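The values are calculated or read from the model by the stated rules, or taken from the named source; none is laboratory data. Quantities reported herein were computed from a predicted structural model and do not represent experimental measurements. Cβ: placed from backbone, ideal geometry, glycine included. Neighbour counts: every protein chain shown. Just so you know, the surface numbers come from the protein's heavy atoms only, side chains and all, with ligands and any DNA or RNA stripped out. Shrake-Rupley method; radii C 1.70, N 1.55, O 1.52, S 1.80 Å.
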Amino acid sequence: MPAKSRFTRLDAFTKTVEDARIRTTSGGIVTLASLFIIFWLIWGEWADYRRIEVHPELIVDKGRGERMEIHLNVSFPRVPCELLTLDVMDVSGEQQTGVMHGVSKVRLSSVSEGSRVIESSALDLHSDSTKAAHLEPDYCGSCYMAPAPANAQKPGCCQTCDEVREAYATKSWAFGRGENVEQCEREGYAQRLDAQRQEGCRIEGGLRVNKVVGNFHIAPGRSFSNANMHLHDLQNYLADQGIHTFSHHIHHLRFGPQLPDSLTIGSGVNMPWTNHHLNPLDDTEQVTDDSLFNYMYFVKVVSTAYLPLGWERQARVMSSADNAALGAYGQGTDGSIETHQYSVTSHKRSLNGGDDAKEGHQERIHARGGIPGVFFSYDISPMKVINRETRSKSFTGFLTGVCAIIGGTLTVAAAVDRGLYEGAIRVKKLHKG
C-alpha cells in the first residue's frame, strides 16, 4: 500500500464535498455571533494576561547594620519654635550622634490669626550651636560657673547664648530667660521669647537613624541628662502655663521612602494596601487645654520591599549608602523600593495624674510627673514583607486560553447550528403533513 494511503487512514478530520454542504441563514447568524464571542473572550484573555498582581510574601528580616529614614511633618499651634526641642534616642536611652537630617522649624502665627507661616529655619539636632558673629578675635565669653560645652566654638569659652544654655544643661541648672547673661542679652533671647509667646510651630523634614529600637520626641526646653535620666529645662515653658499646650496635628509620619501614587492610583495594579495603610498616623490631630500633657505613640515598624515587574532582569543598585540624599535612601535604579510599614497604639495622660473619668474610663489611673510633649517610641519587627509584582498568567497560559476559547466556542456554535437546522426541518415536515 502506498505511503499516502497509510496517512490517509490516520486522518481524523474527514471532509465533505462542496456539493454536499448546505448553507442556511441561521448558520450565518450563528457564525457571526460565534466570531464576536471569540474576539470578545480573546480580548478578555489578553487583558487578564496583561494584568499585574502584587503578591505579598513574609520572610525573616536578616538585614544587619542598616539605617532608616524618618520623615515627619507635625504642627504645634500653641508652642513657639523657640521652646521646642527634637531629640532622637536609641534603645539605651542615649542620644544618637551623627544623625543625618534635614529638619526645619517653621514659625506659625497664633491660632487666632490662622496659623499662617511666618518663616522657616533649619533645626540643630545634636550639633554645634549657632556661630557667633561680629566678635573680637580674642573674645572669650563667660560660662557663668558652668563648664564650657565640648563643642564650643572656642575651647573653654561660651561665645553664644546657646553655648551658655548648653553649659547650664550639663550642670542640670535651670536657665530661664537669660537675664544678666551677656551673650543672651546681646542676641535678644528674652525678646525672642516674648515675641513668639503666642506663636505656633511646625516641625518638618527627615532624619536618618540606625535601624534599632529607639524613640524620638518633641518637647519644650533644652534637654540634658542627670543621674541617667533624660530631662528638659521647662522653666520658660511653665512660666507661660495656660498659654502653651501640646495640641498637635500630625500631617504625615513615615519610615522610609514614600511609594509613588502611580503604584496605588490609576495604575491598574491590584495593590493589597495604600499609602494610608502604610502611614496610619497621617492626618492625626490631638487637642488639649492642659499645659502638662503627654502624648505617647508606640510604633511597630515592619520592613517592606516593593519589587516591580522585571526587576530581576535589571542590575539592581540600591541607594543605601550613608551619603545618599535624604529621600533617596532605599530606592533602587530598577524601580524597587525598600521602605517600612508600621502599626501604632497611642496613650495620653495628664502629668498631674488622676483618672480618665471624662472619657468613660474611671478605672484607669495615671501616675504623676513626666515631661510634657509628644513622644514616638518605635520597635523593629524581625519580619519583612516583600510585595512582588507578577503577571497573573504566563504567555503559554495565554495561548492555551486562546485555543480553549476558539475550540470551545466553535464546538458550542456547531451544536447550536445543528439544533436550529434540525428544528427547521421538523417544522417544515409538520407544515407539509
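Highest average first, the peptides 65-74, 42-51, 103-112, 158-167 ordered by how many other beta carbon atoms sit within 10 Å of their residues are 158-167, 65-74, 103-112, 42-51.
In a shell of Cβ-Cβ distance under 11 Å around ALA219, excluding ALA219 itself, what net charge do Lys and Arg (+1) and Asp and Glu (-1) give? Surrounding charge for ALA219 is -1. Solvent-accessible area per residue in the stretch 375-433 equals 63 Å², computed with a 1.4 angstrom probe and all protein chains kept. For the residues CYS157, CYS140, a 1.4 Å probe over the protein chains yields an accessible-area ranking, largest first, of CYS140, CYS157. Computed from phi, the 3J(HN,Hα) profile of the stretch 373-383 under the Karplus parametrisation 6.51, -1.76, 1.60 (θ = phi - 60°) reads x, 10, 10, 10, 10, 10, 10, 9, 6, x, 9 Hz, with x in place of Gly and Pro.
Answer rounded, prolate or oblate for the stretch 192-251, using the Cα gyration tensor with square roots of eigenvalues a ≥ b ≥ c: rounded when a/c is under 1.5, else prolate when a/b is larger than b/c, else oblate.
oblate
Our coupling estimate for the stretch 135-142, obtained by passing each phi through the Karplus curve with A = 6.51, B = -1.76, C = 1.60 and θ = phi - 60°, is 10, 5, x, 9, 6, 9, x, 6 Hz, Gly and Pro reported as x.
Rounded to the nearest 0.05, what FRET efficiency is calculated for ILE59 and SER120 with R0 set to 41 Å and r the Cβ-Cβ distance?
Details: r = 41 Å, r/R0 = 1.01.
It comes out at approximately 0.50.
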